[in-house]
Amino acid sequence: MHTFTVTTSQDIQADSAEEAALLMYQALLKGPPPLRYAVTDESGKTETLTLDLEKAADFAAIDHTADPGNW
């Protein structure tokens, strides 16, 4: 299994970095999940992905940890 770093960003106006992080956290709890991500692999290669909302929801509904292929 490989290791990836997945990041998402949003422009947020705030008085401090901590407040911006808290506002981002609040947005993640209240709103729809972000669908645009930057994914960096172990070699440092980064690609930007936009997920299809329907496919992402279907994937999230399945417990992929129970798949023997993930062991």
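For residue 3, are the conditions met, namely being over 13 Å from the mean Cα position of the chain (by Cα) and not in a helix (DSSP H, G or I)? Show your work before the answer.
Details: over 13 Å from the mean Cα position of the chain (by Cα): yes; not in a helix (DSSP H, G or I): yes.
When the stated conditions are applied, residue 3 passes them.
In segment 1-16, the qualifying residues are those that are exposed (fewer than 10 other Cβ atoms within 10 Å of the Cβ) and among the aliphatic types (A, V, I, L, M), and the one that is nearest to residue 47 (Cα to Cα) is 6. Go through the residues of segment 39-46 one by one and say whether even a single one is closer than 22 Å to residue 1 by Cα and touching a residue at least 40 places away in the same chain (Cβ under 8 Å). The answer is yes, given that some residue of segment 39-46 is closer than 22 Å to residue 1 by Cα and touching a residue at least 40 places away in the same chain (Cβ under 8 Å). One residue stands out in segment 27-69 among those that are among the small types (Gly, Ala, Ser) and assigned to a loop (DSSP other than H, G, I, E, B): the one that is nearest to the chain's Cα centre (by Cα), namely 31. Sub-6 Å Cβ pairs linking a first residue in segment 2-25 that is modelled with pLDDT of 95 or more to a second residue that is among the polar types (S, T, N, Q) and surrounded by 11 or more Cβ atoms within 10 Å (Cβ to Cβ), at least 6 apart or interchain, are 5/40, ordered by first then second residue.
The values are calculated or read from the model by the stated rules, or taken from the named source; none is laboratory data. Computed from a predicted model, the values in this text were never measured in an experiment. With ideal geometry, Cβ positions are generated from the backbone for all residues, glycine too; neighbour counts draw on all protein chains shown.
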